[in-house]
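These notes are about the structure you will find just below.
The values are calculated or read from the model by the stated rules, or taken from the named source; none is laboratory data. Predicted, not measured: the structure shown is a model, and the values here were computed from it. Backbone-built Cβ (ideal geometry, glycine too); neighbour counts: all protein chains shown.
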């Protein structure tokens, strides 16, 4: 059986080099997490005006799926013009003019990576990243010997962090 010292040393080495390896992705997750906090505002978004040709004579409930706009609701009808959230649709010509707000390209890619789903091609990289972060949590307890004052003080900080996490989750 390996000695406690060798397990501790191996944990520290893996912790160190995995940390260096994941610096880039951790920075992306940190920044995209901050951006996602403000997703209900337009603080980082830019306005894009779109003119799109779709089929003429669409019914009100068919317009949203054709324009790929979720929650589109026709608010008013003026003759052959449907007015909705941020635009209009001409029933006779099939031309829709509307504006959308979207994150700039790089921020959009970062946010998309942060929110990726299991059906996306590289989802396993997100699983690897999540497991790596969990490894950091566990391996942190092998950074210092349990009898040292630094380790004992670290346990107080651990307890405080767990309490703060529970408060954030349940309040």
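Considering region 14-47 alone, what residues qualify as being touching a strand residue (DSSP E or B) at 6+ places or on another chain (Cβ under 7 Å) and closer than 21 Å to residue 116 by Cα?
45
Give region 66-86 a look and list any residue that's surrounded by 12 or more Cβ atoms within 10 Å (Cβ to Cβ) and either in contact (Cβ under 8 Å) with a residue 24 or more places away in the chain or not in a strand (DSSP E or B) (or both), or say none.
66, 67, 69, 72, 80, 85, 86
Here is a check on your reading of the model: is residue 157 exposed (fewer than 10 other Cβ atoms within 10 Å of the Cβ), without any contact (Cβ under 8 Å) to a residue 40 or more places away in the chain and either at negative phi or within 15 Å of the chain's Cα centre (by Cα) (or both)? Don't jump to the end; show me each part of the working.
On the way: exposed (fewer than 10 other Cβ atoms within 10 Å of the Cβ): yes; without any contact (Cβ under 8 Å) to a residue 40 or more places away in the chain: yes; either at negative phi or within 15 Å of the chain's Cα centre (by Cα) (or both): yes.
Answer is yes for this residue.
Any chance region 53-60 includes a residue that's surrounded by 12 or more Cβ atoms within 10 Å (Cβ to Cβ) and in a helix (DSSP H, G or I)?
Yes, that holds for at least one residue.
Here are 132, 116: which of them is on the phi < 0 side of the Ramachandran plot, surrounded by 10 or more Cβ atoms within 10 Å (Cβ to Cβ) and assigned to a loop (DSSP other than H, G, I, E, B)?
Criteria check complete, one pass: 116.
Would you mind stating whether residue 97 is closer than 24 Å to residue 111 by Cα, surrounded by 13 or more Cβ atoms within 10 Å (Cβ to Cβ) and not assigned by TED's automatic domain parsing to the domain that holds residue 110?
Spelling it out, it is not the case that residue 97 is closer than 24 Å to residue 111 by Cα, surrounded by 13 or more Cβ atoms within 10 Å (Cβ to Cβ) and not assigned by TED's automatic domain parsing to the domain that holds residue 110.
Name every residue in region 15-29 that is under 11 Å from residue 129 (Cβ atoms) and surrounded by 12 or more Cβ atoms within 10 Å (Cβ to Cβ), in order of residue number.
18, 22, 25, 26, 28, 29
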